[in-house]
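Colleague: Right, I'll just put the structure down here and ask away after.
The values are calculated or read from the model by the stated rules, or taken from the named source; none is laboratory data. No experiment lies behind these values; they were computed from the predicted model shown. Ideal geometry is used to build each Cβ from the backbone, glycine not excepted, and the neighbour counts take in all protein chains shown.
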Amino acid sequence: AILPVIPLLGLEIPQLFGGAIITETIFTWPGMGRLFFEGISKNDWPLVQAITMLSAFLVVGGNLLADLAYAVVDPRIRYE
């Protein structure tokens, strides 16, 4: 019953980052989310690209971890 949940957990990592953007902007906390928002508002495109690339790596890393966890939980899945 846990097998369908594992890929969803891998997608939670980028969603946590997206929630940080909203939370840090509303409460004016310093962090990556607020830095991203300020980069957009000040047209600092290299900063926006770097944070976007970081979030893309988080998506890929989360999916990789989810796939590896899927293979650990279900012994029928084998990677060659």
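Colleague: List pairs: first in region 30-57 and without any contact (Cβ under 8 Å) to a residue 12 or more places away in the chain, second in a loop (DSSP other than H, G, I, E, B) and not aromatic (Phe, Trp, Tyr), Cβ under 9 Å, 6+ apart or cross-chain?
Modeller: Pairs found: GLU38/ASP44.
Colleague: Residue by residue through region 26-79, note down the ones that are farther than 18 Å from ILE13 by Cα and either under 18 Å from the mean Cα position of the chain (by Cα) or of a type in the set (A, V, I, L, M) (or both).
Modeller: Of all residues in region 26-79, those farther than 18 Å from ILE13 by Cα come to 26-30, 35, 37-49, 71-79.
ILE26, LEU35, PHE37, ILE40, LEU47, VAL48, GLN49, ALA71, VAL72, VAL73, ILE77, listed by residue number.
Colleague: Let me ask something else. It is to be established whether one or more residues within region 66-75 are at pLDDT 90 or above, of a type in the set (Phe, Trp, Tyr) and at negative phi.
Modeller: Our first condition is that a residue be at pLDDT 90 or above; within region 66-75, this holds for none.
No: zero hits.
Colleague: As an exercise: evaluate ALA1 against (1) part of a helix (DSSP H, G or I); (2) of a type in the set (Gly, Ala, Ser); (3) free of Cβ contacts under 8 Å to residues at least 40 places away in the same chain and give the number of the one condition it does not meet.
Modeller: Checking ALA1 against (1) part of a helix (DSSP H, G or I); (2) of a type in the set (Gly, Ala, Ser); (3) free of Cβ contacts under 8 Å to residues at least 40 places away in the same chain, the one that fails is (1).
Colleague: Please verify whether GLU38 is in contact with a helix residue (DSSP H, G or I) (Cβ under 6 Å, 6 or more places away or on another chain) and of a type in the set (Asp, Glu), treating the condition exactly as stated.
Modeller: Numbers: in contact with a helix residue (DSSP H, G or I) (Cβ under 6 Å, 6 or more places away or on another chain): no; of a type in the set (Asp, Glu): yes.
The answer is no for GLU38.
Colleague: Can you tell me which residue is farthest from ASP74 (Cα to Cα) among those in region 1-39 that are touching a Leu at 6+ places or on another chain (Cβ under 8 Å) and of a type in the set (Phe, Trp, Tyr)?
Modeller: PHE36
Colleague: Can you name the condition, by its number, that PRO46 falls short on among (1) surrounded by 10 or more Cβ atoms within 10 Å (Cβ to Cβ); (2) part of a helix (DSSP H, G or I); (3) at pLDDT 85 or above?
Modeller: (1)
Colleague: Tell me whether region 53-70 contains one or more residues that are among the charged types (D, E, K, R), more than 30 Å from ALA1 (Cβ to Cβ) and surrounded by 13 or more Cβ atoms within 10 Å (Cβ to Cβ).
Modeller: Of the residues in region 53-70, the ones among the charged types (D, E, K, R) are 67.
Within this subset, residues satisfying the condition of being more than 30 Å from ALA1 (Cβ to Cβ) are none.
Looking for residues that are among the charged types (D, E, K, R), more than 30 Å from ALA1 (Cβ to Cβ) and surrounded by 13 or more Cβ atoms within 10 Å (Cβ to Cβ), one finds none in region 53-70, hence no.
Colleague: Let me ask you something else. When you go through (1) part of a helix (DSSP H, G or I); (2) at pLDDT 85 or above; (3) more than 30 Å from LEU3 (Cα to Cα) one by one for TRP29, which number turns out not to apply?
Modeller: (1)
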